[in-house]
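Some notes on the structure that comes next.
The values are calculated or read from the model by the stated rules, or taken from the named source; none is laboratory data. This is a predicted model, so every value here is computed, not measured. All Cβ positions, glycine included, derive from the backbone under ideal geometry; neighbour counts span all protein chains shown.
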Amino acid sequence: MPSCPKPFSFALIFGLLAGASVCCADDLNFNRDIRPLLSEACFHCHGPDRATRESGLRLDQEESAMTVIAPGDVEGSDLVQRISSTDADVQMPPPDSGKTLSKQQRDLLKRWVAEGAVFDRHWSFIPPQQVSPPARNAADDFSSNPIDRFVLHRMHKAGLSPSPKADREELIRRVCFDLTGLPPTPGQVDTFQHNQSPDAFATLIDSLMASPRYGEHMAVPWLEAARYADTDGYQNDRYRYQHVWRDWVIDALNQNMPYDQFITEQIAGDMLPNATLRQQIASGFGRNHRINSEDGSIPEEWRIANVVDRVDTFGTVFLGLTIECSRCHDHKYDPVSQQEYYQLFSYFNNVAEWGVGPNNGNSPPFIEVPESWPLLSPDQDRLIPPDPVKLTNARKTKGNGLRRPQAGPPSTVMVMHELDRPRETFVLLRGQYNMPDKSNPLSPAVPAAFDSRDSTTPTPSNRLELARWLIAPDHPLTARVAVNRIWQQFFGRGLVATSENFGSQGTPPSHPELLDYLAIELIRSDWDLRRIQRLILDSSTYQQSSAATTKKIQADPKNIYLSRGPRIRLPGFALRDQALSISGLLTNQIGGPSAKPYMPPKIWSSISNNKYEQDAGQDLYRRSIYTYWRRTIPPPTMMNFNAAAREVCIVRTQRTNTPLQALTLMNNKLFVEAARGLAQRMILESSGSDASSQIKLGFQLACGRIPTAPEKEILTQSHEKFLQQFQSQPSAAKELLAIGDSKRNASIAPIQHAAMTMTASLLMNLDETITKE
């Protein structure tokens, strides 16, 4: 970042953040049009951070900003004079900053000053406002629920119109992937197509939500946000046994646990009165961070690192803010001071933990979990009082005298557990563990900027009270952040595109009224996540065709204004699960220890002497959520498709297109074996014995619809070529069919099976197969 050497400086940038409108035909909106520009351009030198603030000027606060702005008086405003000047000593941005200010940007700021330079609090720090949907026009044949009225209003302002409704084959495939992460079966497609009831789609949604596959699919983004893994991370990356917490998440989502309860139990389940076994397990959310077990590590250094991780994860997952900047200094863009960061830190600083982990296994505190725990009734659950193991189990290792905690066996799960006497908390200068400012002991407190409590409500004093503060109806962030991530999961992009950052550097909401409407609906529904999901899925907005005209792509390439349905490449988890499903290989076992599917046998040799020991039998074909996750070497199949590495909290993964993805789908052992399994189904389950009928079934299994005549012709011709190749090279057919551990049906001629396997692989690599549209 450029330095700010002058007494009054602005380093203004070329463009506004994505989503900000500069259309002069619209009313100016400070939070949408001006704040993003000031944040990106000016807050580094004239924002919340005292250490880098120049001339005492803050442009994030109205009172200070008005010292250089004369509302309504463009010529009398120092801000305008500076951005308009050609004098190198006066001009802002300075010539040596390497930046210039476009005429459009200067005109925007001048217009804002001329219209009174109205300031607003940052939009996400104001509690969600009750808002009514726009009135429905008599000519509106699009809107089927309130969501559509918000969307249509914004769409029309952008000069766009809705797309036609997706056909039923497209719609069932889309919603099956969105709710279960699996493709529909031909039977499901046929049932839906023949159900002429007006409630047919709602009935389909209910059936998918009732499936245990729902919780497995919905848990994946939560595990990524919670940085869940099967190892500790860092250089040693030792084993841990935390799958019981993962299974708790799946079960909670399948039971439709209210979101306020869902997050309360994960933040502070151990502190609830008469906490049950399940509530204790839920608190393992706070222990999913990495744990260092390297010899020579300084325990306090890594204990502090654990607490920092909890604070940063709390900020991203529940507040949608990048508060980690405040560990070392006041936040440069958002009103979170370094002191406020460590006051928040104090809520998570009292866990009875040792900074360095054991050589293998779970690090205290942990609890014993009976194998039958998922089957226990709530009453039985309460009869098993968890007794967390504390640090009194610490022992010395051989050689270096370093104290280490006693490792927990596979029958345990790591949980949160408070010390009897709270630790003192101080600001850590420059964020260093060994530089506490002991002149100023801190008490727990939440950042004032987004604290909506009235003066009579006491400050939360522990993690449980912090969780209850988070779910207060007037909290400005919790509900907004939650509904935005639901929207992101269905549409590929949140109403706030930067779902990890609702602060000044984040993208303003594309549909702010809709965001608030959904947030209020979530709170009013007693935090029922499925209520919000149904509302979105039932909307005409969601049910639009994803086909896009050239005009729409040019006008709105990212589909911000939602004039077409979502079209997104499936994530790696869903691609693998789809292959297992359509091939008939998928194992539907729920929960239990993580499975180790196919991976190169020496994949771990680069970081340790541990050998990757592949599972056998049905464990090879479990859903991807159960795949063993080693942080230093995550499953390559998932990583090639942009899965989060699970080292830190991630709530928005990037989507890339690389040659490795095509190579994975064509050559990965699992996908080749799945193609063999799909081919076997095509041959044995088809209504006819001819290749055309078999290809038709394969297309239905892979794409969810019957192929067109040209599509079938191309596939049939390809199959003929494959057949000729294997007839001339029968050994190649046997070699292909030997890939994978599952046994093939020997009644199928090898050459026939191999040719259809290659045809099935072609089907599995179609753009339509790997895309949700």
Response to the item:
Those residues of region 122-174 which are surrounded by fewer than 18 Cβ atoms within 10 Å (Cβ to Cβ) and of a type in the set (Val, Ile, Thr) amount to Ile126, Val131
Practice prompt. State yes or no: is Arg576 under 30 Å from Val244 (Cα atoms) and among the charged types (D, E, K, R)?
Written response: yes
Worksheet entry | Where a residue in region 560-580 is assigned to a helix (DSSP H, G or I) and its partner, wherever it lies, is of a type in the set (Lys, Arg), with Cβ under 6 Å and at least six apart | Asp577/Arg623
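Which one is farthest from the chain's Cα centre (by Cα), of the residues in region 307-323 that are closer than 12 Å to Gly503 by Cβ and in a helix (DSSP H, G or I)?
Taking region 307-323 first, the residues closer than 12 Å to Gly503 by Cβ are 315-316, 319-323.
Okay, now just the ones that are also in a helix (DSSP H, G or I), so 315-316, 319, 323.
Values: Gly315: 14, Thr316: 10, Leu319: 14, Ile323: 17 Å.
Residue satisfying both the conditions and the ranking: Ile323.
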Practice prompt. Restrict the check to region 586-598 and report whether at least one residue is in contact (Cβ under 8 Å) with a residue 12 or more places away in the chain, farther than 30 Å from Arg238 by Cα, surrounded by 18 or more Cβ atoms within 10 Å (Cβ to Cβ) and touching a helix residue (DSSP H, G or I) at 6+ places or on another chain (Cβ under 9 Å).
Written response: no
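Of all residues in region 527-559, how many are in contact (Cβ under 8 Å) with a residue 40 or more places away in the chain, closer than 16 Å to Ile486 by Cβ and not aliphatic (A, V, I, L, M)? Walk me through it before giving the result.
We begin by selecting, within region 527-559, every residue in contact (Cβ under 8 Å) with a residue 40 or more places away in the chain; these are 527-530, 532-548, 552, 555-556, 558-559.
Adding the requirement that they be closer than 16 Å to Ile486 by Cβ leaves 527-530, 532-539, 541-542.
Filter once more, keeping what is not aliphatic (A, V, I, L, M): 527-528, 530, 533-534, 538-539, 541-542.
Going through region 527-559 one residue at a time, the tally reaches 9.
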Response to the item:
Residues of region 420-477 being within 28 Å of Arg303 (Cβ to Cβ) and β-branched (Val, Ile, Thr), in sequence order, are Thr425, Val427, Val446, Thr459
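Hey, among Ile304, Ile291, which residue is of a type in the set (Val, Ile, Thr) and part of a helix (DSSP H, G or I)?
Working: Ile291 fails: part of a helix (DSSP H, G or I).
The unique qualifying residue is Ile304.
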Worksheet item: If we scan region 541-548, do we find a residue that is under 22 Å from the mean Cα position of the chain (by Cα) and hydrophobic (A, V, I, L, M, F, W, C)?
Response: no
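Yes or no: Tyr228 assigned to a loop (DSSP other than H, G, I, E, B), touching a Ser or Thr at 6+ places or on another chain (Cβ under 8 Å) and aromatic (Phe, Trp, Tyr)? Give the derivation first.
Numbers: assigned to a loop (DSSP other than H, G, I, E, B): yes; touching a Ser or Thr at 6+ places or on another chain (Cβ under 8 Å): no; aromatic (Phe, Trp, Tyr): yes.
No.
Conditions (1) closer than 18 Å to Asn745 by Cα; (2) surrounded by 17 or more Cβ atoms within 10 Å (Cβ to Cβ); (3) not hydrophobic (A, V, I, L, M, F, W, C), marked per residue:
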residue	(1), (2), (3)
Val672	yes, yes, no
Leu678	yes, yes, no
Arg681	yes, yes, yes
Lys696	no, yes, yes
Phe699	no, yes, no
Ala702	no, yes, no
Pro707	no, yes, yes
Ile714	no, no, no
Gln724	no, no, yes
Fill in: Among the candidates Asp140, Asp237, Asp206, Asp190, residue that is over 26 Å from His511 (Cβ atoms) and assigned to a loop (DSSP other than H, G, I, E, B)
Asp237
Practice prompt. Output the number of the condition that Ala229 fails; it satisfies all remaining conditions of (1) free of Cβ contacts under 8 Å to residues at least 40 places away in the same chain; (2) small (Gly, Ala, Ser); (3) under 25 Å from Leu580 (Cα atoms).
Written response: (1)
Worksheet entry | Test: residue in region 203-224 that is of a type outside the set (A, V, I, L, M) and farther than 30 Å from Ile281 by Cβ | yes
Worksheet item: Considering region 303-317 alone, what residues qualify as being within 21 Å of Ala449 (Cα to Cα) and of a type in the set (A, V, I, L, M)?
Response: Val308, Val311, Val317
Discussion item. It is to be established whether one or more residues within region 736-747 are over 21 Å from Leu586 (Cβ atoms) and in contact (Cβ under 8 Å) with a residue 40 or more places away in the chain.
Written reply: yes
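Do we find a residue being part of a helix (DSSP H, G or I) and not assigned by TED's automatic domain parsing to the domain that holds Val220 anywhere in region 607-617? Even if it seems obvious, please write down each step before you answer.
Taking region 607-617 first, the residues part of a helix (DSSP H, G or I) are 617.
Checking which are not assigned by TED's automatic domain parsing to the domain that holds Val220 leaves us with 617.
Yes - at least one qualifying residue is present in region 607-617.
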Discussion item. Within 20 Å of the chain's Cα centre (by Cα), within 23 Å of His122 (Cα to Cα) and either crowded, with 22+ Cβ neighbours inside 10 Å or without any contact (Cβ under 8 Å) to a residue 24 or more places away in the chain (or both): is that true of Gly284 in this structure?
Written reply: no
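Can you tell which of Glu40, Glu54 is part of a loop (DSSP other than H, G, I, E, B), touching a residue at least 40 places away in the same chain (Cβ under 8 Å) and not assigned by TED's automatic domain parsing to the domain that holds Gly315?
Numbers: Glu40 fails: part of a loop (DSSP other than H, G, I, E, B).
Sole residue among the options that is part of a loop (DSSP other than H, G, I, E, B), touching a residue at least 40 places away in the same chain (Cβ under 8 Å) and not assigned by TED's automatic domain parsing to the domain that holds Gly315: Glu54.
Check region 760-767 and report whether any residue there is of a type in the set (D, E, K, R) and part of a loop (DSSP other than H, G, I, E, B). First the steps, then the outcome.
So in region 760-767, the residues of a type in the set (D, E, K, R) come out as 767.
From the residues that got through so far, the ones that are part of a loop (DSSP other than H, G, I, E, B) too are 767.
There is at least one residue in region 760-767 that is of a type in the set (D, E, K, R) and part of a loop (DSSP other than H, G, I, E, B).
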Worksheet item: Looking at this structure, is Ser504 outside the structural domain of His44 (by TED's automatic domain parsing), touching a helix residue (DSSP H, G or I) at 6+ places or on another chain (Cβ under 8 Å), in a loop (DSSP other than H, G, I, E, B) and surrounded by fewer than 19 Cβ atoms within 10 Å (Cβ to Cβ)?
Response: no
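Looking at the structure I just gave you, is Asp260 over 20 Å from Asn484 (Cβ atoms), more than 18 Å from the chain's Cα centre (by Cα) and outside any loop (DSSP other than H, G, I, E, B)? Can you show your working first?
Numbers: over 20 Å from Asn484 (Cβ atoms): no; more than 18 Å from the chain's Cα centre (by Cα): yes; outside any loop (DSSP other than H, G, I, E, B): yes.
Criteria not met by Asp260.
Evaluate the following for Thr541: is it outside the structural domain of Ala219 (by TED's automatic domain parsing), buried (at least 19 other Cβ atoms within 10 Å of the Cβ), more than 25 Å from Ile650 (Cα to Cα) and touching a Leu at 6+ places or on another chain (Cβ under 8 Å)? Spell out the reasoning first.
Details: outside the structural domain of Ala219 (by TED's automatic domain parsing): yes; buried (at least 19 other Cβ atoms within 10 Å of the Cβ): yes; more than 25 Å from Ile650 (Cα to Cα): yes; touching a Leu at 6+ places or on another chain (Cβ under 8 Å): yes.
For Thr541, the condition - outside the structural domain of Ala219 (by TED's automatic domain parsing), buried (at least 19 other Cβ atoms within 10 Å of the Cβ), more than 25 Å from Ile650 (Cα to Cα) and touching a Leu at 6+ places or on another chain (Cβ under 8 Å) - is met.
Looking only at region 436-471, how many residues end up being assigned to a loop (DSSP other than H, G, I, E, B) and either in contact (Cβ under 8 Å) with a residue 60 or more places away in the chain or loosely packed, with under 12 Cβ neighbours inside 10 Å (or both)? Spell out the reasoning first.
Taking region 436-471 first, the residues assigned to a loop (DSSP other than H, G, I, E, B) are 437-441, 443-447, 451-462, 471.
Now narrow it down to the ones that are either in contact (Cβ under 8 Å) with a residue 60 or more places away in the chain or loosely packed, with under 12 Cβ neighbours inside 10 Å (or both): 438-440, 443-447, 452, 454-458, 460, 462, 471.
Summing the residues that are assigned to a loop (DSSP other than H, G, I, E, B) and either in contact (Cβ under 8 Å) with a residue 60 or more places away in the chain or loosely packed, with under 12 Cβ neighbours inside 10 Å (or both) in region 436-471 gives 17.
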Worksheet, complete the sentence: Looking across region 728-748 at residues that are in a loop (DSSP other than H, G, I, E, B) and surrounded by fewer than 12 Cβ atoms within 10 Å (Cβ to Cβ), the single one that is farthest from the chain's Cα centre (by Cα) is Ser747
Worksheet, complete the sentence: Taking region 67-80 and keeping residues within 44 Å of the chain's Cα centre (by Cα) and free of Cβ contacts under 8 Å to residues at least 24 places away in the same chain leaves Thr67
Fill in: Hits in region 66-82 - residues which are within 27 Å of Asp330 (Cβ to Cβ) and surrounded by fewer than 19 Cβ atoms within 10 Å (Cβ to Cβ)
Met66, Thr67, Val68, Asp78
Worksheet item: Could we say that Ile582 is within 21 Å of the chain's Cα centre (by Cα) and β-branched (Val, Ile, Thr) here?
Response: no
Discussion item. Consider region 448-480. How many of its residues are within 19 Å of Asn501 (Cα to Cα), touching a Leu at 6+ places or on another chain (Cβ under 7 Å) and modelled with pLDDT of 95 or more?
Written reply: 4
